[in-house]
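What follows is a set of notes on a single structure, which appears directly below.
The values are calculated or read from the model by the stated rules, or taken from the named source; none is laboratory data. Not measured: the values here are computed from a predicted model. Cβ placement follows ideal geometry from the backbone for every residue including glycine, while neighbour counts extend to all protein chains displayed.
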Amino acid sequence: MDSLELNKSKYIVSNIKEILHKKLILDKPLTKDEVKKLKLVNPPVYEKEKYLIQKRWFYSINIGEWEDVEIIIQGNNENPDMEIIEMAEKTFDELHLHISCALKYLQK
């Protein structure tokens, strides 16, 4: 087996659409106290930016040998964007191809 040849079954995530529907969590902005505690170099200015930034929904999953792969979906306060979940499903259907292409590119 070539070192870049992937075991396709290792990167299959079945029912990703259903998983995302059930397990996505709405990201919340840091409070002012949390920002002070973290001592961020460029703290966010939510009062000025809150209408410009879409809400983010996220979920962490293990894929192959990678742990805690974060999946981020844009949306609003109520729901994640369904079109982006559809795109995520299509991407996951061909995940082994995307990873294989990326590894071949990195090898060059």
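Miscellaneous remarks
- Test: residue in segment 65-76 that is in a helix (DSSP H, G or I), at pLDDT 80 or above, of a type in the set (Val, Ile, Thr) and surrounded by 11 or more Cβ atoms within 10 Å (Cβ to Cβ): no
- Yes/no for Val13 being of a type in the set (A, V, I, L, M), surrounded by 12 or more Cβ atoms within 10 Å (Cβ to Cβ) and either modelled with pLDDT under 90 or over 16 Å from the mean Cα position of the chain (by Cα) (or both): yes
- Of residues in segment 19-56 being surrounded by fewer than 11 Cβ atoms within 10 Å (Cβ to Cβ) and among the acidic types (Asp, Glu), the one modelled with the highest pLDDT: Asp33
- In the set (1) farther than 28 Å from Asn7 by Cβ; (2) modelled with pLDDT of 85 or more, Tyr59 fails one condition alone, (1).
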